[in-house]
Protein chains: 2
Amino acid sequence: MTDHRLIREFFLGFIKIHILYHAAQAPVCGVDLGEELARHGYHVSPGTLYPTLHALERAGYLQRESRTVHGRRRKYYCATGDGRSVLQRARKQACELLDEIVENDG
Amino acid sequence: MTDHRLIREFFLGFIKIHILYHAAQAPVCGVDLGEELARHGYHVSPGTLYPTLHALERAGYLQRESRTVHGRRRKYYCATGDGRSVLQRARKQACELLDEIVENDG
DNA sequence: TGGAATAATATCACAAAGCGATATCGGGAA
DNA sequence: TTCCCGATATCGCTTTGTGATATTATTCCA
């Protein structure tokens, strides 16, 4: 395993939490998410992004809606109630993680 | 995919960051880590924990040392310099994640 | 009106990880 | 020795990650 890959594993969960967060703020489509995540330094290829969206939808955390925007067909995703609870839980656990690992900044 | 499994995916990275953190504080062995993680609500089976330790060691983030404690043979892991840099980076990214997703607590 | 180009999403194929179950290893006790 | 047990290691199967490629659907322009 390359270093690059192992480091990425650390943050795959972060990426999913980001997706849930954005879908809780406003409906978002795949390309939007790809660009938004890239702005945060997470480079996600379509082969990762779309299957992730499908999995989150299957799990009932995202709801999909087809729209045509500028003549392009897009799938917009919005967090469901369940999705928002999971996001809330992720917030809590991320806080706890930080509380612990930041106290001694070695 | 069950909900349980998908939720766990969110936090697998957290678990690895925890491991790196504890190994940066003091040398730790597998059983210690299992118990410590359980205290934080992360239940990690040996089939996950030990391969993870091996991967972190192969990547050069952990250094292993065999010790005999109370007549039992244990492998203690300590974060290397590279491991500490990666941990530092994880801290930074976790902070950024929280800064974003907490600002609007919907 | 073709039909090439483009945008957005979906899928394929392979490598790798997650994990419960099971095996192994090594020291102590008897 | 032999058995036991704590600790670690590995197996086998399922699932995920991902770059590359395909599919779908619309626009543009000769």
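Model label points for residue A:103 and residue B:32, set 7 angstrom from Cα along the Cα-to-Cβ axis, are 1.7 nm apart. Only helices enter the 222 nm calculation for chain B: every DSSP H run of n ≥ 4 contributes -39,500 (n - 2.57), and dividing by all residues gives -22000 deg cm²/dmol, rounded to 500.
Listed by chain and number, the lysines placed with their C-alpha closer than 23 angstrom to that of residue B:16 are A:16, A:92, B:75, B:92; residues fewer than eight positions away on the same chain are left out.
Among chain A residues, the beta-carbon with the smallest distance to the axis carrying A onto B is reported, with distance in whole Å, as A:13, 2.
For the range B:45-60, 3J(HN,Hα) computed residue by residue from phi via the Karplus equation (6.51, -1.76, 1.60; θ = phi - 60°) reads 7, x, x, 9, 4, 5, x, 5, 4, 5, 5, 5, 5, 4, 6, x Hz, glycine and proline entered as x.
Between residue A:4 and residue A:82, residue separation times 0.36 nm minus the direct Cα-Cα distance comes to 24.8 nm.
We did not get these values from a lab; they are worked out from the coordinates using the rules stated. Remember, predicted model here, so these are calculated numbers, not experimental data. Quick reminder, even Gly has a Cβ in these numbers, built from the backbone with ideal geometry, and neighbours come from all protein chains shown.
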